[in-house]
1. How big is the gap, in Å, between the Cα center of segment 66-91 and the Cα center of segment 135-199?
2. On average, how much accessible surface per residue is there in segment 158-199, in Å², for a 1.4 Å probe, leaving out ligands, DNA and RNA?
Amino acid sequence: MRIISVAVSLCVFTLALAGCQSSDPQAQSSKTASPSGLTPVANASPTPIALKSRVDPCALLTSDELKTVQGEALQTTLPSEREYGEYLIAQCYYQLPTITNSVVVNVTTPKERGKSVKEHWRSTHAEAGREKESEDKESRPERISGVGEDAYWEASGIAGALYVLKKDVIFRISVGGASDIKTKLERSKTLAQKALARL
């Protein structure tokens, strides 16, 4: 039974990492360095490779914050980054002891300073709205107030992701766990507020 349990855990971890490499450009990425002004994550593994992005997604949440919301302290962070047209998408996989409770954060920034992500934000969410016009109301992006300049929640089955626009940054967070979709939204909002304060 122990061998089966270990195998299942490894499968879940592999699927979680695969989920981070979805077709959603804001849900992907690869590599990381701590920019000035951001506090390093407590108890996290040091970032091995410097990111091109000026924002380190692995410095946006602390172990204590994750424990308060997800019930477990941080085990390690897995940073990554990729380029998407004129933008850099930096990602951090906050791995918790229970893999399914882990949290993924993405930060999209322009490659060049002075550029804006707002056009990308508008086009991305306009497309999302058009694609889901014919679907159930529950599956459409839901506008969220009180978080950043603009925010949307996109549910997908029992999972979901919160997208937030703040200045020239697009922030995305997805929390794991066995809780229902409404609870995941509230947990995402709580962690997003903590992270956005560091941007």
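1. 15 Å
2. On the way: 1750 Å² over 42 residues.
Using a 1.4 Å probe on heavy atoms only, each residue of segment 158-199 averages 42 Å².
The values are calculated or read from the model by the stated rules, or taken from the named source; none is laboratory data. All of these numbers come straight from a predicted model, not from anything done at the bench. Only protein heavy atoms, including side chains, enter the accessible area calculation; ligands, DNA and RNA are left aside. Shrake-Rupley method; radii C 1.70, N 1.55, O 1.52, S 1.80 Å.
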